[in-house]
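Taking it in order: structure first as structure tokens, then the write-up.
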Amino acid sequence: MFRLSNFLRHATTKDVVINTGGNYFNFLFAGIYTLLFVRVFTPIEFGVLSVLLVLSYLLANVLSFGMPAAIYAHIPELLPDKKKAIEFAKTNFLLLTCLSFSSLIVLYLFVDIIDTNILKLGAPKHLYALAFLGSAFYIWQNYVRDILNAAQKFLHINIAINVSNILKVIVLVVLFGLGKLTIGATLFVLGILGPSIVFLMVLFERKWIITSLVTTRIDSRNIKVGYTLTYFIATQLFSLATRVDLFMVSYFLSSIEVGYYSLSQRIILAVVTSADSITQVLSPQFAIAKTKKEVIALFKRSFTYMLLPAGMFIVGIFLPEFIYDLVFTPNFSASTPITKLLSFAYIPFGFIAAALLFFLYTIKKPVHLLVVNALLLVIFFIGNYVLIPIYGLFTPPLVALTAFVVVSLYIAVFISLELKKL
């Protein structure tokens, strides 16, 4: 009982609660936005808005170019020397801005081709301009978030983001009341106004940062090209791996089965958010761990926290079917057994994510993450391609479980080898 009490009072536990709660508040606000939008826009307009928002978020993720990993890997070590930490932050911020903005400009030059041949929205170019500009602001916001998370200032950034969410809802409701809520206005509020509020709140509390950023020099030695490039490729492989099952279901099965599986996948990804929130908290701690004893203690603590998403998946397995029907309506009752099987398959996910932090931040060898995600992609692709025509919707859970077991064995072997070197 005493050990449990100490665990609950641990500073990391507080940070996990803050960060996980903050991320789920983001989900809540996303739901509020959706409820508002379906009352304002026609199905066609809502479809255009949804695709442009997804495009904006997706580009912000892809065009981060692996920078989040570099931040978590190096900022915690540099923090004792504030000058070096600011040099690192400024150098990489300017690099990220140049790379991402250049990419967005090039994409905008081809927006007519993208709209006509790929997205087929028929949306005017100014809406794409707003979506791309929103991506740029999201990239900046995510950079600020990652810096503060790496400095273990989780409460500050979560307050800023959720105050921004509240103000965005207020502005959207006011525009709705005035009859001025358009797709363009929505893209501006969510993608430009929202991140701007976050910047203002963060800088208001840290006015000294502005002077420091202006006077601090740029040092190219802070650019970790090999590290960030490897991480960037690895994250893109993971994004493909976690989406290829839906693509295969869409390719082989009927539209209604795609709908059933989409719901199940959304439920699983909502739980995965809690694992992501925990890894954000743990990442700075893995970055400063140096000895075998420190790493093992951190593993024990990490796996204890990962009992939260694992427990949520277990609840999903045993949750009565009538609750699924109550929440998602009986129209989607066919997705319930798939959700339960996926929940079982994803139980190891959080523990795998925690273990990978050792490779990324303690020994700084992202090649292991690259191998793990490549294995996931290969198994997900081949397994679903071969078995979906035979077993239908029951295939993805089986393939996912197989993939997680395989990568768990790989991780266990190489962690044991790397620990001997510490």
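Could you pull out the pairs from Lys153/Lys293; Lys153/Lys364; Lys84/Lys364; Lys84/Lys168; Lys153/Lys300 whose alpha carbons sit more than 31 Å apart here? Before the final figure, lay out the partial values.
On the way: Lys153/Lys293 26 Å; Lys153/Lys364 23 Å; Lys84/Lys364 19 Å; Lys84/Lys168 35 Å; Lys153/Lys300 23 Å.
Cα-Cα > 31 Å for Lys84/Lys168; rest within.
Go through Leu167, Phe46, Leu369 and say which Cα lies farthest out towards the positive end of the charge dipole of the chain; charges sit on Cβ, +1 for Lys and Arg, -1 for Asp and Glu.
Leu369
Order the peptides 59-65, 22-28, 130-136 from the highest to the lowest mean number of other Cβ atoms within 10 Å of their residues.
Working: 59-65: 20.1, 22-28: 14.7, 130-136: 23.1.
Ranking the peptides 59-65, 22-28, 130-136 by packing returns 130-136, 59-65, 22-28.
Given the peptides 66-76, 222-232, 369-379, arrange them by the average over their residues of other C-beta atoms within 10 Å, most packed first. If you can, show how the numbers build up before the last one.
Values: 66-76: 23.8, 222-232: 17.9, 369-379: 19.5.
Listed from highest to lowest mean packing, they are 66-76, 369-379, 222-232.
Roughly how far apart, in whole Å, are the Cα centres of region 348-422 and region 16-59?
Cα centroid to Cα centroid, the span is 30 Å.
I'd like the Karplus ³J(HN,Hα) series for region 145-153: coefficients 6.51, -1.76, 1.60, θ = phi - 60°, whole numbers in Hz, and an x wherever there's a Gly or Pro.
Taking θ as phi minus 60°, the curve returns 4, 5, 4, 5, 5, 5, 8, 6, 9 Hz for region 145-153.
State to the nearest 20 debye the size of the charge dipole of the chain about its Cα centre, where the only charges are +1 on K and R beta carbons and -1 on D and E beta carbons. Before the final figure, lay out each step's value.
Numbers: 31 positive and 17 negative charges, 298 e Å.
The calculated dipole for the chain is roughly 1420 debye.
Taking H placed 1.01 Å from N in the peptide plane, check which residues at least 5 places from Ala289 or on another chain put their amide H under 5 Å from its amide H.
So Ala289 has HN proximity to no qualifying residue.
Highest GNM mean-square fluctuation, the chain, Cα pairs closer than 10 Å: which of Ser254, Ser264, Ser196?
Ranking Ser254, Ser264, Ser196 by mean-square fluctuation puts Ser254 first.
So, with +1 on the Cβ of K and R and -1 on the Cβ of D and E, and no other charges, what is the size of the charge dipole of region 26-92 about its Cα centre, to the nearest 20 debye?
The dipole of region 26-92 has a size of about 160 debye.
When averaged across all projection directions, what area in nm² does the alpha-carbon convex hull of region 9-220 cover? Don't jump to the answer; show the numbers that get you there.
On the way: hull surface 52.6 nm².
Averaged projected hull area, Cα only: 13.2 nm².
Run the dipole for region 224-419 about the Cα centre, Lys and Arg Cβ at +1, Asp and Glu Cβ at -1, nothing else charged, and hand back the magnitude in debye, nearest 20.
Details: 11 positive and 7 negative charges, 167 e Å.
Roughly 800 debye for region 224-419.
Every number in this text was worked out from the coordinates using simple rules, so none of it is lab data. None of these values were measured; they are calculated from a predicted model. Because the Cβ atoms are built from the backbone with ideal geometry, glycine has one as well, and the counts that use them run over all protein chains shown.
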